Amino acid sequence: MRVIETRIPNVFILEVDGRKFLVTRSEYPPHYGERKFNGFKEWRLSRSKLGVLVERGIKIKIERDWKILYLGAASGTTVSHLADIADRGVIYAVEYAPRPFIGLLRLARERKNVIPLLRNAELPESYNGIVERVDLIYQDIAQKNQIEIFEENARFFLRDGGYGIIMVKAKSMDSTADPRKIYSEVMERLENNFRIINSVDLEPYHKDHIAIEVGYR
Ligand SMILES: C[S@@+](CC[C@H](N)C(=O)[O-])C[C@H]1O[C@@H](n2cnc3c(N)ncnc32)[C@H](O)[C@@H]1O
C-alpha cells in the first residue's frame with residue numbers, strides 16, 4: 001500500500017493493488033458504506049461533490065483547526081470526511097429534513113467536532129447564538145433561492161476574509177434553461193458580495209453541477 005500526500009491535511013491518495021483511492025485519515029467506522037483501509041477511509045466521489053474537487057487537485061483550502069458552517073448536511077456523508085480533515089476544528093452541520101438528520105446524529109455521537117442542527121438554512125437567525133463566526137461556509141442544498149440563502153448565512157456567520165464553497169445544481173434553479181446560462185447568472189449575482197476564486201464542473205460524477213469557490217471581501 002502506497003500513501004501519497006495531498007495539499008489538504010488528513011487527505012491522501014492510496015495505491016492498493018494497482019488501484020488509486022482518495023481517502024481521509026480516520027480511526028472511525030465507515031459512515032455510508034465506504035471502504036476502510038488501515039487507518040484510512042475511502043472518499044467516494046460519486047457520493048460527495050467535495051471529494052471530486054479535492055481529487056481534481058483544485059486549490060481549495062481547508063485547515064485542521066477551521067470552524068465550518070455546512071448547509072445541507074443530509075445524513076453526513078461529506079461531513080464525515082470534513083470532520084476527519086478539520087479534526088481540531090468544528091463543523092456546524094445544518095439539515096432540515098428529519099430523516100437524513102438521523103444519520104447525521106449518528107455521526108455526531110461518535111465525533112466531538114460535529115454539531116448537528118435540525119434547522120432551515122433560510123433562517124440563520126434560528127441558529128444565531130449557537131454558531132459562531134466561521135472560516136468556511138460550505139453549501140449543498142440544491143434550492144432555487146440558494147444564493148440568497150448563502151448570502152444571508154455569510155452575513156451572519158462568515159468572518160471577513162473567510163471562504164465559501166457553493167455547489168450549484170442547474171436543474172434545481174431552472175429545469176429547462178441551459179445550465180451555462182444559469183451558472184453565469186449565479187456568478188454575476190455572487191460578485192455583488194464575494195470574490196469569485198474558481199468554478200469547477202463536477203461532471204461526470206455529478207451531472208449539471210458546478211462548484212464555485214468564493215472569498216468574502
Ligand atoms: C444534495 S443533499 C446534500 C448532500 C450532502 N451535502 C453530502 O454531500 O453528504 C441536499 C440536502 O440539503 C437539504 N436542504 C435543502 N434545503 C435546505 C434548507 N433550506 N435548510 C436545510 N437543509 C436543506 C436537503 O434536505 C438535503 O438533505
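Numbers for the structure displayed
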{"read-out": "Residues (under 18 Å from Ile210 (Cα atoms) and either out of contact with any Lys or Arg (no Cβ under 9 Å at 6 or more places or on another chain) or at pLDDT 95 or above (or both)) located in region 55-97", "value": "Glu55, Arg56, Ile58, Tyr70, Leu71, Gly72, Ala73, Thr78"}
{"read-out": "So Pro179, is it within 20 Å of Thr78 (Cβ to Cβ) and of a type outside the set (Lys, Arg)", "value": "no"}
{"read-out": "Residues that are without any contact (Cβ under 8 Å) to a residue 40 or more places away in the chain and loosely packed, with under 15 Cβ neighbours inside 10 Å, drawn from region 175-191", "value": "Ser175, Thr176, Ala177, Asp178, Arg180, Lys181, Ser184, Glu185, Glu188, Glu191"}
{"read-out": "Some residue of region 199-214 being at positive phi, without any contact (Cβ under 8 Å) to a residue 40 or more places away in the chain and surrounded by 13 or more Cβ atoms within 10 Å (Cβ to Cβ)", "value": "yes"}
{"read-out": "Within region 54-64, tally of residues that are surrounded by fewer than 21 Cβ atoms within 10 Å (Cβ to Cβ) and touching a strand residue (DSSP E or B) at 6+ places or on another chain (Cβ under 8 Å)", "value": "7"}
{"read-out": "Count of residues meeting criterion [in a loop (DSSP other than H, G, I, E, B), free of Cβ contacts under 8 Å to residues at least 24 places away in the same chain and loosely packed, with under 14 Cβ neighbours inside 10 Å] in region 1-34", "value": "5"}
{"read-out": "Strands (runs of 3 or more DSSP E) completely within region 68-141 that count 3 or more residues being over 13 Å from the mean Cα position of the chain (by Cα)", "value": "114-118"}
{"read-out": "Residue among Val214, Val200 that is touching a Lys or Arg at 6+ places or on another chain (Cβ under 8 Å), within 18 Å of Arg47 (Cα to Cα) and more than 15 Å from the ligand (Cβ to nearest atom)", "value": "Val200"}
{"read-out": "Residue that is more than 9 Å from the ligand (Cβ to nearest atom), within 24 Å of Ser46 (Cβ to Cβ) and touching a residue at least 40 places away in the same chain (Cβ under 8 Å), where the choices are Asp160, Asp84, Asp140", "value": "Asp84"}
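The values are calculated or read from the model by the stated rules, or taken from the named source; none is laboratory data. Here the structure is a predicted model, which is why all the values come from computation and not from measurement. In this analysis, Cβ positions are derived from the backbone assuming ideal geometry, glycine residues included, and neighbour counts consider all displayed protein chains.
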